[in-house]
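A short write-up of the structure that comes next.
What follows draws every value from the coordinates through simple rules; no lab data is involved. None of these values were measured; they are calculated from a predicted model. No Cβ is skipped: glycine too gets one built from the backbone with ideal geometry, and neighbour counts run over all protein chains shown.
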Amino acid sequence: MCGRGAADARAGAGAHRRVPLPGDGRVTREPPARRVLRLIEAFGAATGALKLTELSHRAGLPLSTTHRMAGEFVRCGALEKSAAGYRIGARLRRAVIDAPHGLGVRELARPFVEDLGAATGKPVVLAMRQGRELVCDEYRPDGEAGCGRRRALNGTSAGLVLLAHAPPEISDGQRDLARVRRCGFAATPDGVAAPVHDGTGAVVAAIGVAGTARYVSAVVAVARGISRALGAKEAGGGDADP
């Protein structure tokens, strides 16, 4: 019984990795690329790190396959592992930011960001939302830059801008978001930020600068400039007065 049960388990795991060929009833192993995609997609709705068993369940992959693939991803930097479990790593985060629209935003925004930094003498942040987190590229007047830094959406001006334009399940319960949408910017003790729109009118990023509300007009103008470069017909909006 034990031997047959183990054989049945192996057969079940093997069947899980196989897909039928149309027409002749034969089966073939699932392409590796498809398994990789399923593993990555498992993190799509995750709000934190995933334990191995949960990752296996979400990806629909055998536990042993998930363990092997996740280990390879950790070694190459695509995933990170801690006591809490697995989460998306810096290498994969940067790849996600760079594609598809992320690369266009960063390339087109760079001269605007540099001009804003030179005009204000303050650090400038270009931020995008990834789930419930903020992924930031920070540019400093001295030329130093930090890419792919993750922060909580709450508590920063760029985060409030992206929350104001996030789906209800992300933004529900947050205060003052209607005002951010109406005014076209957010101001917090850390600085001010404004939304960047793409050609469809969707908010794809936020640009912000450290400092007081005196920089609101400059930040809004730069955000509109980047938005126009991305093809937005009528970027921004609202009243730029603090």
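The table for this structure:
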quantity	calculated
Nearest-0.05 FRET efficiency for ARG91 and LYS233, computed from C-beta distance (R0 45 Å)	0.80
Projected area, mean over directions - the range 97-229, Cα convex hull, nm²	7.2 nm²
Two-site label geometry, ARG179 and ALA152: point separation in nm, points 7 Å out along Cα→Cβ	2.0 nm
Long-range HN-HN contacts of LEU79 with modeled amide H, under 5 Å	VAL74, GLY89
